[in-house]
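Engineer: A single structure is presented below for examination.
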Amino acid sequence: MTFAGDGPRPRVIVIGAGVGGSVVASRLAKHCDVVVLERGASSRVIHDPTLAMQRSGFEGSPYPQGTGPGGGSRVNGMVFAHAPDSYWNSLVHMGLEVFADAHGEQISFIGEESPCDGLVDRALRLAHPEVRPTMLATRNGVRLTAWDRLVTHGVTLHTGVTVSHLNFNGERVMGVVTSKGEELTADHVILCAGAISSSVLAARSGVIGDEIRLLDHPALFVPLIRDRRDSSDAIERDPICTTYAGAVHDKDGVSIMSINGGVKGSGGLLVALMTPRSSGKVFVSRDSVLIDRGFFSDARDLEALRTGVRRAHWLLSQPSFSQFTSPMSSMLNGEEWQEQVGDGVWHACGTLPMGLQEDFPLDESGKLRGTTNAWCMDASVFPVIPPAPPQASVLVAAGLLANRFLSLVTS
Ligand SMILES: Cc1cc2nc3c(=O)[nH]c(=O)nc-3n(C[C@H](O)[C@H](O)[C@H](O)COP(=O)(O)OP(=O)(O)OC[C@H]3O[C@@H](n4cnc5c(N)ncnc54)[C@H](O)[C@@H]3O)c2cc1C
């Protein structure tokens, strides 16, 4: 592997071609020589649900992650929900001025959303007057990955390349070393490997410790089966409408989202706590990574989700849901459902939080503390978890951090 250019422009390695990496690579390409190293293959997957359950390659944990250009946006539920302005304002109040233009940045991504109106959406809307539609990241009827949408030219992409660690000389990162032992040098290295992998790379490069905080949304998926008296055996046949489109949000931070279809015609309601107080941990050792999502380490989260589950139970008793049955409905009134929490929502964030505090791994521009030229611009950076499915927030954060990087490095 070599770098495309040897001119005066800064040479930047971006690790990961996922949601954050796509934004960063496309923004930097005009001003820097950019090489993106992506561990996944280059073939394009439209919507292969089996990929969503693919193991992330870490021993001991089945936490899934999309791989290949587009990363999570190749396999995720496609929900494209913006975090409210109040969230970004709270980050600005924490000293993260870089997010002051979050509203403008959000607007720049709005054109890529399309509404969905499937059977479960319609039932939810009829049962609840306040249902607000969320959007799907699709265009012209096909899944829209961040890479497809954003990266058009000027970026060198190497797929099938897994970075093993960053190569330092004192505080200066000289480049990266791949799992095959190849070395590639650069002026700057930007971690965009996703919240778990970026933090693992930082730990294995000796920049942070090996016990890392992890933020995630606890959620319960309540499957629904459509009454077979209807000729259709699937909840929704349209392959695009296989995901969430409607959502009820309550004051405790719980969202109830409708999911239509899927491979086996299954759909359901997803009850998710969007403002959890609990946190988990990623434990990194030399050969393995263990992930403890830490749901309900703060008891108030269990109480909030319990309220949401009761509400879902009530929704399912409404006439608009009479065409569905749920194998889980009897457990929603008790406590048994707690054992199912966490399966179906994978929103890892906040492993390398940004902040003014010296004990935060990233400074207020996304640079790894203790280094002169190593950065992070993906779901890792959030000091507080976004109160929405994170894909849209990662796009916004990565875009603003890439702008900040350019103003610092190329001025
Ligand atoms: C099954 C599933 C469903 C989801 N559903 C939704 C949803 O509906 N809505 C929503 O908003 N969010 C959803 N998410 C979350 C969303 O996809 C992520 O928040 C988002 O993709 C994070 O972006 P990122 O850039 O941080 O990481 P990613 O998009 O995960 O990108 C990281 C990239 O880095 C690559 N990589 C990792 N390690 C290395 C390495 N060592 N060397 C080289 N490359 C590496 C990976 O292959 C990957 O392509 C879902 C996630 C999953 C897994």
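Engineer: Please report, for the Cα atoms of the stretch 327-411, the Rg to one decimal and the Dmax as a whole number; what are they, in angstrom?
Structural biologist: Gyration radius and largest Cα-Cα distance of the stretch 327-411: 18.0, 62 Å.
Engineer: Quick one: dipole size for the stretch 281-335, taken about the Cα centre, charges +1 on Lys/Arg Cβ and -1 on Asp/Glu Cβ, in debye to the nearest 20. Show your work: numbers first, answer last.
Structural biologist: Numbers: 7 positive and 6 negative charges, 20 e Å.
Here the stretch 281-335 has a charge dipole of around 100 debye.
Engineer: Follow-up. List residues of the stretch 381-404, by number, whose backbone nitrogen lies under 19 Å from a label position 7 Å along Cα→C-beta of Ala100.
Structural biologist: Zone members listed by number: 396-404.
Engineer: Tell me the label-point distance for the pair Asn403, Arg132, using the 7 Å Cα-to-Cβ offset, in nm and rounded to one decimal.
Structural biologist: Here the answer is 2.3 nm between the modelled labels.
Engineer: Here is a further query. Using a basic spin-label model with each label point 7 Å from the Cα along Cα→Cβ, how many nm lie between Arg213 and Thr325?
Structural biologist: 4.6
Engineer: What does the charge count near Ala247 come to, summing +1 for each Lys or Arg and -1 for each Asp or Glu among other residues with Cβ under 12 Å from its Cβ?
Structural biologist: -1
Engineer: Using a cut-off of under 18 Å, list every residue of the stretch 388-405 whose amide N is near the label point 7 Å from the Cα of His93 along the Cα-to-beta-carbon line.
Structural biologist: Those under the cut-off are 388.
Engineer: Next question, about the same structure. Only residues of the stretch 66-88 count here: report those whose backbone N is under 18 Å from the spot 7 Å along Cα→Cβ of Ser179, or say none.
Structural biologist: So the set is 66-72.
Engineer: Karplus couplings for the stretch 356-363 from phi (6.51 cos²θ - 1.76 cosθ + 1.60, θ = phi - 60°), rounded to Hz, Gly and Pro as x?
Structural biologist: Computed from phi, the couplings for the stretch 356-363 are 6, 4, 5, 8, 7, x, 10, 7 Hz.
Engineer: Kindly write out, for the stretch 405-411 in residue order, the coupling ³J(HN,Hα) from the Karplus curve 6.51 cos²θ - 1.76 cosθ + 1.60 (θ = phi - 60°), rounded to whole Hz, with x marking Gly and Pro.
Structural biologist: Each residue of the stretch 405-411 in turn: 4, 4, 5, 7, 9, 9, 7 Hz.
Just so you know, all these numbers are worked out from the coordinates, no wet-lab data involved. The shown structure was predicted, so the numbers you read here are calculated from the model rather than taken from an experiment. Backbone-built Cβ (ideal geometry, glycine too); neighbour counts: all protein chains shown.
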